[in-house]
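Trainee: Would you mind keeping the following structure in view while I ask a few things?
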Amino acid sequence: MTHGAGTLSVCLAGATGWTGRALVPAVLSAPDLVLRSAVARSSAGRDLGEALGGEPLGVPVHATVGEALDGVDVLVDYTSAAAVKANTLAAVRAGVSVVVGSSGLTAEDFAKIDAAARERGAGVVASGNFSLTAAMCQAAALLAARHLPQWEILDYAGAGKPDVPSGTSRELAERMAEVRAPETGRPVGDLVGPREARGAEVGGTRIHSVRLPGFVVSTEVVFGLPDERLTIRHDAGGTPEPYVAGTLLAIRRAPALVGVTRGLDTLLLASA
């Protein structure tokens with residue numbers, strides 16, 4: 001349902017969360033977007049503006065995504081690893097396009113979502129990180145993987161982050177696997193000592209997750225050749241502002257797509 005030529009109606013799940021709070025004014029001020037509804041269990045039944053400590057916005061807050069999809073073109077999900085899969089499937093089964101900013105989905109989850117989205121003709125844009133600079137970091141790593149055969153990923157985040165690895169690192173590893181499988185040195189099974197010291201394997205790539213105070217989200221992919229190495233790294237700051245522009249871009253592009261599109265870099269390079 002639209003509200004004028006070229007206008008998209010948006011539901012924001014996780015609207016009172018860290019990134020959601022930054023997206024609310026951005027969607028409200030966009031001339032081609034209308035914020036129709038929001039999802040936040042702790043504020044269900046309230047007006048979104050009041051839930052955020054301000055004046056009423058005329059945007060109702062619902063407890064679940066299923067209750068909030070009436071008249072919606074695009075669901076934006078910035079909730080949690082525990083909720084994002086069910087939220088996304090509920091939307092695509094209703095024929096609503098989705099922008100997934102929450103982490104925690106696996107390759108198997110995306111395969112199921114892709115099948116459901118194609119069946120309903122809905123578009124899903126998912127990115128482990130909607131920062132424009134993070135997208136360029138991922139694009140550079142995918143290019144390097146075509147020419148450099150060995151790499152590993154280091155994933156840094158704050159001590160309280162519950163999911164490992166981060167969505168950014170998981171997405172990067174799974175998409176690099178589509179380029180090629182990294183060559184290995186000594187097989188993990190031949191090592192002396194705890195195998196966990198070599199990190200987790202995602203899509204053939206070893207990922208080492210560091211969780212300490214002082215980090216927000218940083219992702220580093222290291223490529224190695226004899227006598228040289230290449231490090232490509234992205235560091236996020238302490239505010240959600242870097243994720244706003246990329247999310248708005250994804251909202252505008254999702255309705256024209258069918259199935260799952262992974263990575264903001266995919267959208268950026270397609271429009272270059």
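Trainee: How many of the residues in the stretch 217-251 are of a type in the set (Val, Ile, Thr) and either touching a Gly at 6+ places or on another chain (Cβ under 6 Å) or open to solvent by less than 20 Å² (accessible area, probe 1.4 Å) (or both)?
Mentor: Total meeting the criteria: 5.
Trainee: Answer yes or no: is there a residue in the stretch 91-103 that is of a type outside the set (Lys, Arg), in a helix (DSSP H, G or I), within 23 Å of Leu264 (Cα to Cα) and touching a helix residue (DSSP H, G or I) at 6+ places or on another chain (Cβ under 7 Å).
Mentor: Yes, some residue in the stretch 91-103 is of a type outside the set (Lys, Arg), in a helix (DSSP H, G or I), within 23 Å of Leu264 (Cα to Cα) and touching a helix residue (DSSP H, G or I) at 6+ places or on another chain (Cβ under 7 Å).
Trainee: For residues that are within 25 Å of Asp73 (Cβ to Cβ), open to solvent by 20 Å² or more (accessible area, probe 1.4 Å) and within 17 Å of the chain's Cα centre (by Cα), tally how many sit in the stretch 111-146.
Mentor: Selection size over the stretch 111-146: 5.
Trainee: In the stretch 196-267, which strands (runs of 3 or more DSSP E) lie fully inside it and hold 1 or more residues that are in contact (Cβ under 8 Å) with a residue 60 or more places away in the chain?
Mentor: Filter on the stretch 196-267 gives 217-225, 228-235, 259-262.
Trainee: Give the residues of the stretch 1-46 that are in a strand (DSSP E or B) and either free of Cβ contacts under 8 Å to residues at least 60 places away in the same chain or farther than 24 Å from Ala90 by Cα (or both), sorted by residue number.
Mentor: Passing the criteria: Val34, Leu35, Arg36, Ser37, Ala38, Val39.
Trainee: Within the set of pairs 6+ apart or on separate chains, which have a first residue in the stretch 47-72 that is touching a residue at least 60 places away in the same chain (Cβ under 8 Å), a second that is basic (Lys, Arg), and C-beta atoms under 6 Å apart?
Mentor: If the second residue must be basic (Lys, Arg), the pairs left are Gly71/Arg36; Val72/Arg36.
Trainee: May I ask you to say which residue of Leu12, Leu48 is at pLDDT 95 or above, more than 24 Å from Pro162 (Cβ to Cβ) and buried (at least 21 other Cβ atoms within 10 Å of the Cβ)?
Mentor: Leu48
The values are calculated or read from the model by the stated rules, or taken from the named source; none is laboratory data. Computed from a predicted structure; not experimentally measured. Note: ideal-geometry Cβ built from the backbone for every residue, glycine included; neighbour counts use all protein chains shown. Protein only, heavy atoms only, side chains kept; ligands, DNA and RNA dropped before computing areas. Shrake-Rupley method; radii C 1.70, N 1.55, O 1.52, S 1.80 Å.
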